[in-house]
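Asks: Mind looking over this structure? Questions follow.
What follows is calculated from the coordinates using simple rules that are stated; it is not laboratory data. The structure presented is a predicted model; accordingly, all values stated were derived computationally and were not measured. Ideal geometry is used to build each Cβ from the backbone, glycine not excepted, and the neighbour counts take in all protein chains shown.
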Amino acid sequence: MKTVEKEIGSILTGTISSITQRSIFNRLGGLATTPVQQLSAGDRETIMRELENSVRLFARSNSSQLIASCARALSPGSATGAAGSLGSLPPPPSGLALAPKKMPIEQEKDIATARLEAWSEAVRIGLSKFASVKVATAVSELARNIVFYAGTGTVELRSVKDDKGIAGLQIIATDQGPGIPQAKLDEIWAGTYKSQRGMGKGLVAVKKLVDVFHLDTRPGIGTTVTCVFKGER
Amino acid sequence: MEQELPIIQIRNCLLVSIQTELHDRLALDLQASLMDRVRTVNARGVILDVSAVEVIDSYITRILNDIGKSVRFMGAECFIVGIRPAVAMTLIEMGVELDSVHTALNLDLAMERLELLQ
């Protein structure tokens, strides 16, 4: 009995990298490791919705064909494979303001999840492909700082609109870690700080990538980085 | 979780395709085993294929530079191949440098340049 992960993985191989695949399956939670035959109709719908979003975002080519193959693989008892009714789900909503998304960052694997989540949010609110990679990179830096220096924290994504109504993405990274003392901050901004694990350049990199950057850090209390990517047009 | 990146040998060159999340432990293991293999097979070059890596942040850059430096200390050259356009643009904006490694568009070109280096 093949699990969802195995079945879908074999379809996506070659089109979507294994790194991204893993993040997609992480988002499916327990459903990813459920045998295909044991899925309920509701489960299948949940999986397909998630897959449709992800495949549209990340597949380099023929995403509709891939989505149809996934639907076929999941449809109940169809070894011969009729496309079934699952291929005709309504398209995912796009360009809508989304509810804020708060992700706990506790271990290294959460970095990848946060990054992927940020990437898909960026694409969904209409940022360009390049801008979305910048968003994902900034989130990666911020989440990494949390794991390396604070242990645990959260990354929150909010879609925002500027005065012209153009959608942008706000990222808020918060931790209750040791904070950054002023002397160290001076070194960081001067580019002379070298940490053990990072390059001491993570914060500088984020500041350069984003349109609005705000750092609030208090030794002994924690650090909050708030930044905004503005939409183009 | 025991995990190791496979190192493939093509002539006198070592190839690693990075298909997974590079975390601390994995990166250090890769660096160590690459140095080991460079010595045992007299490799002239090490090629790291990052075409499956969708996001490269400053931490991953540091790992790649470190591997490049250690390979260079051994007397071989390190090539990073397959950096995606969006990744390259992001690295430029961030102001991080990949200065301890060579880069090439793809595996063929890296191999070609390695032969020229001999």
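Asks: Collect residues whose amide H, placed 1.01 Å from N in the peptide plane, falls under 5 Å from the amide H of B:Met74; neighbours closer than 5 in sequence don't count.
Replies: Here nothing satisfies the definition.
Asks: Can you tell me the length gained on complete extension of the stretch A:Ala99 to A:Lys129, counting 0.36 nm per residue apart and subtracting the Cα distance?
Replies: Between A:Ala99 and A:Lys129, full extension yields 8.6 nm more.
Asks: Ok, one more. Nearest 5 is fine: what % of DSSP beta bridges in the protein assembly as shown come out antiparallel, could you say?
Replies: For the protein assembly as shown, the DSSP antiparallel bridge percentage is about 70.
Asks: Under a Cβ-Cβ cut-off of 9 Å, what is the net charge of the residues other than B:Glu93 that fall near it, where Lys and Arg count +1 and Asp and Glu count -1?
Replies: Local net charge: +2.
Asks: Then there is this: Does chain A come out rounded, prolate or oblate by the C-alpha gyration tensor, with a ≥ b ≥ c the root eigenvalues, rounded set by a/c under 1.5 and, if not, prolate when a/b is larger than b/c and oblate if not?
Replies: Because a/c hits 1.5 or more and a/b exceeds b/c, chain A counts as prolate.
Asks: Under the definition of partner shielding as Cβ atoms of other protein chains within 10 Å of a residue Cβ, what is the mean value for peptide B:60-73?
Replies: The mean count of partner-chain Cβ atoms within 10 Å per residue comes to 1.
Asks: For B:86-96, what's the mean count of beta carbons from other chains sitting within 10 Å of each residue's beta carbon?
Replies: The per-residue average across the peptide is 6.
Asks: Quick one: in the stretch B:10-117, what % of C-alpha pairs are over 19 Å apart?
Replies: 39 percent
Asks: Still on this structure: Taking θ as phi - 60°, what are the ³J(HN,Hα) couplings along the stretch A:179-184 by the Karplus curve (6.51, -1.76, 1.60), each to the nearest whole Hz, with x for Gly and Pro?
Replies: x, 10, x, 3, 4, 5
Asks: Could you work out the mean count of beta carbons from other protein chains within 10 Å of each residue's beta carbon in A:172-185?
Replies: For this peptide, the per-residue mean of nearby foreign Cβ atoms is 0.
Asks: Count the DSSP beta bridges whose two residues both fall in chain B, then state the antiparallel fraction as a percent rounded to the nearest 5.
Replies: 20 percent
Asks: Report, in whole Å, the centroid distance computed from the Cα atoms of the stretch A:150-186 and the stretch A:29-59.
Replies: About 31 Å separates the Cα centre of the stretch A:150-186 from the one of the stretch A:29-59.
Asks: Evaluate E = 1/(1 + (r/R0)^6) for B:Asp36 and A:Ser18, where r is the Cβ-Cβ distance and R0 equals 35 Å; express this FRET efficiency to the nearest 0.05.
Replies: After rounding to 0.05, the efficiency reads 0.85.
Asks: Between the stretch A:205-233 and the stretch B:1-65, how far is it from one alpha carbon centroid to the other, in angstrom?
Replies: About 32 Å separates the Cα centre of the stretch A:205-233 from the one of the stretch B:1-65.
Asks: Follow-up. What FRET efficiency do you get for B:Asn12 and A:Gln38 if R0 is 45 Å and r is their Cβ-Cβ distance, rounded to the nearest 0.05?
Replies: Approximately 0.30, to the nearest 0.05.
Asks: Which entries of A:Lys129/A:Lys201; A:Lys161/A:Lys201; A:Lys101/B:Lys69; A:Lys6/A:Lys208 show an alpha-carbon separation above 32 angstrom in the structure shown?
Replies: In this structure, A:Lys101/B:Lys69; A:Lys6/A:Lys208 lie more than 32 Å apart at Cα.
Asks: Further question on the same structure: Which residues make up the longest stretch of chain B clear of GluC sites (Glu not before Pro) that lie in a DSSP loop with no more than 13 other Cβ atoms within 10 Å, not counting the sites?
Replies: Within chain B, the longest run free of exposed GluC sites (Glu not before Pro) spans B:5-96.
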